[in-house]
Amino acid sequence: MSPRVCLLSGGVGGSKLAWGLYQVMPRTDLTIIANTGDDIDMFGLRVCPDLDILLYTLTGRVDQDKGWGIRGETFRALERVRALGGTGWFNLGDVDIGLHLARRERLLAGDALGRIMAAVAAADGLACRLLPMSDDPVTTRVQTPQGELHLQEYLIRERAEPRVQGLRFAGIEAARPAPGVLEALAEAELILFAPSNPLISIGPILAVPGVREAIAGSAARRIGVCPLVGGASLKGPTDRMLADLGHEVSPAGVARLYAGLLDEYVVDTQDAAAQASVEALGMRCLAWPTVMHDDATKMALARALLARAPGAAA
């Protein structure tokens, strides 16, 4: 029997594991809680990068070469914006804009983000639950020598080049878990932390009041997957951000951020020597292949994680 699974996820890296799980388990037993700290309003439209990447990946439409957006997308609207001297640093494809327009219309009508995404997911044939961490606005702000930046400004406009001096989740104190989030955590038999950036992808989810406590008190098997391989991040600035903020750039350095929340932590086979330092934090460390470079490796990691659920066949 397949376990009920709850996956905490960011965008690109987390979407690979999400896709693997979606392929190898009953889809209605899977709930994904997505980070919304990097949501941004562009041209008056609400853009939800992590939710949208997960949606496009699970429904088979993501541009796998870029790792984001829709396969075969065009950018004629954005090209026109740039030609007219408008803001053009954030890439919005023409079909992608359609989702943002529909979401904005419903937000203006007073609908909540979780309800909107449930309707979008149903329209697109998504069979698992895809939940925002909160319906309330939370914005990840990055403190740099250039001043405080929205996370998307830091990542895309500034190409993650400024030194990170601090992070702030604006609005987090007033945020509440989106409907279904605490219920999914309470019902889960297996809670997974995707190999997403622990600071800006998993961190905001855990900072939503009530979420960390729900995971800490859960009877589920709780497993995290390290986003570092061989001392570096495969994509994105995870390693540099950890270093800038004084964290050890290692599997143990990431695992330390999750101390008290995980029973097991998966590192890549390249980092098997880190097992003792991770286990000193009070969690079992497993060394497995974690680089998901094709469909087969995504599904293999998903199956290995599912086999760690309580009651799973040996």
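The values are calculated or read from the model by the stated rules, or taken from the named source; none is laboratory data. Not measured: the values here are computed from a predicted model. Neighbour counts run over all protein chains shown; Cβ positions are idealised from the backbone, glycine included.
Brief remarks on what is shown
- Condition check for G224: in a strand (DSSP E or B) and either closer than 23 Å to T139 by Cα or not aliphatic (A, V, I, L, M) (or both): yes
- Against the list (1) in contact with a strand residue (DSSP E or B) (Cβ under 6 Å, 6 or more places away or on another chain); (2) buried (at least 20 other Cβ atoms within 10 Å of the Cβ); (3) under 25 Å from N197 (Cα atoms), the condition P3 fails is (3).
Yes/no per residue for (1) farther than 21 Å from G14 by Cβ; (2) at pLDDT 95 or above; (3) in contact with a helix residue (DSSP H, G or I) (Cβ under 9 Å, 6 or more places away or on another chain); (4) not aliphatic (A, V, I, L, M):
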site	(1), (2), (3), (4)
P227	no, yes, yes, yes
T238	no, yes, yes, yes
S250	no, yes, yes, yes
D263	no, yes, no, yes
T269	no, yes, no, yes
A273	yes, yes, no, no
S277	yes, yes, yes, yes
L281	yes, yes, yes, no
C285	no, yes, yes, yes
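- Subset tally (residues that are within 11 Å of the chain's Cα centre (by Cα) and under 23 Å from A296 (Cα atoms)) for the range 15-49: 5
- Extreme residue, surrounded by the fewest Cβ atoms within 10 Å (Cβ to Cβ), among residues of the range 275-313 that are among the charged types (D, E, K, R) and part of a loop (DSSP other than H, G, I, E, B): D294
- Taken over the range 259-274, the criterion of being aliphatic (A, V, I, L, M), surrounded by 15 or more Cβ atoms within 10 Å (Cβ to Cβ) and not in a strand (DSSP E or B) is satisfied by L261, L262, A274.
- Selection count where residues are surrounded by fewer than 17 Cβ atoms within 10 Å (Cβ to Cβ), touching a residue at least 40 places away in the same chain (Cβ under 8 Å) and assigned to a loop (DSSP other than H, G, I, E, B), scope the range 232-246: 2
- Inter-residue pairs, beta-carbon under 8 Å, first over 23 Å from I200 (Cα atoms) and at pLDDT 95 or above and in the range 11-27, second surrounded by fewer than 23 Cβ atoms within 10 Å (Cβ to Cβ) and among the hydroxyl-bearing types (S, T, Y), 6+ apart: M25/S2; P26/S2
- Restricting the first member to the range 266-287 and to residues that are closer than 19 Å to L192 by Cα, and the second to residues that are of a type in the set (V, I, T) and assigned to a helix (DSSP H, G or I), the beta-carbon pairs closer than 8 Å and six or more apart or on different chains are V267/V278; C285/V278; A287/T269.
- The listed residue being modelled with pLDDT of 95 or more, over 23 Å from G171 (Cβ atoms) and among the acidic types (D, E), out of D111, D65, D124: D124
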